[in-house]
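One structure is given here, and the rest of the page talks about it.
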Amino acid sequence: QVQLVESGGGLVQPGGSLRLSCAASKIIFSIYTMGWYRQAPGEQRELVATITRGGSTNYADSVKGRFTISRDNAKNTVYLQMNSLKPEDTAVYYCNSRLGNSNDWGQGTQVTVSS
């Protein structure tokens, strides 16, 4: 079974930066599409960014130009660099892995943007 472990969340002031990491195990990481999603209280989970096995990326309009997704296949890790954070970015951020019918999630990490 896929294991995904997120880290790097926390409390940051508006305009600040955070980098989330997601370490994957028990998969051939390099062939999976990896992604970050988020869920704010009372809201549905939404896409933040994805990165394919070939390195193609896709971003939600709300984070374009501020967030960057990347992957290090040697470390089985996907990252989300978040800059210019806004209060509306506050949410639990979840790591996701996808390959065919396989679709797995991490436990989530809280990001709070507040002064």
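The values are calculated or read from the model by the stated rules, or taken from the named source; none is laboratory data. From a predicted model like this one, the values you see are computed outputs, not experimental measurements. Heads up, the Cβs are rebuilt from the backbone with ideal geometry, glycines too, and the neighbour counts pull from every protein chain shown. Please note that ligands, DNA and RNA were not included when accessible areas were found on the heavy atoms of the full protein model with its side chains. Shrake-Rupley method; radii C 1.70, N 1.55, O 1.52, S 1.80 Å.
Here D89 fits the description: touching a residue at least 12 places away in the same chain (Cβ under 8 Å), crowded, with 21+ Cβ neighbours inside 10 Å and over 11 Å from the mean Cα position of the chain (by Cα). What about L47, is it more than 15 Å from L4 (Cβ to Cβ), at pLDDT 95 or above and over 14 Å from the mean Cα position of the chain (by Cα)? It is false that L47 is more than 15 Å from L4 (Cβ to Cβ), at pLDDT 95 or above and over 14 Å from the mean Cα position of the chain (by Cα). Looking only at segment 50-86, residues that are of a type outside the set (V, I, T), within 18 Å of Q110 (Cβ to Cβ) and either open to solvent by less than 40 Å² (accessible area, probe 1.4 Å) or touching a Ser or Thr at 6+ places or on another chain (Cβ under 6 Å) (or both) come to 6 in all.
Counting only residues that are free of Cβ contacts under 8 Å to residues at least 60 places away in the same chain, closer than 22 Å to N101 by Cα and within 14 Å of the chain's Cα centre (by Cα), segment 16-36 holds 1 of them. Can you confirm whether R98 is among the basic types (K, R), in contact with a helix residue (DSSP H, G or I) (Cβ under 9 Å, 6 or more places away or on another chain) and assigned to a strand (DSSP E or B)? Here the answer is no, as R98 does not meet what is asked. Cβ-Cβ distances below 8 Å connect the following pairs, each with a first residue in segment 96-115 that is free of Cβ contacts under 8 Å to residues at least 24 places away in the same chain, a second residue that is crowded, with 18+ Cβ neighbours inside 10 Å, and a separation of six or more residues or different chains: N103/N96; N103/S97.
Considering the conditions (1) in contact with a Cys (Cβ under 7 Å, 6 or more places away or on another chain); (2) open to solvent by 70 Å² or more (accessible area, probe 1.4 Å), W36 is excluded by exactly one of them, (2). Under the condition of being of a type in the set (F, W, Y) and in contact with a Lys or Arg (Cβ under 9 Å, 6 or more places away or on another chain), the residues counted in segment 60-84 number 1.
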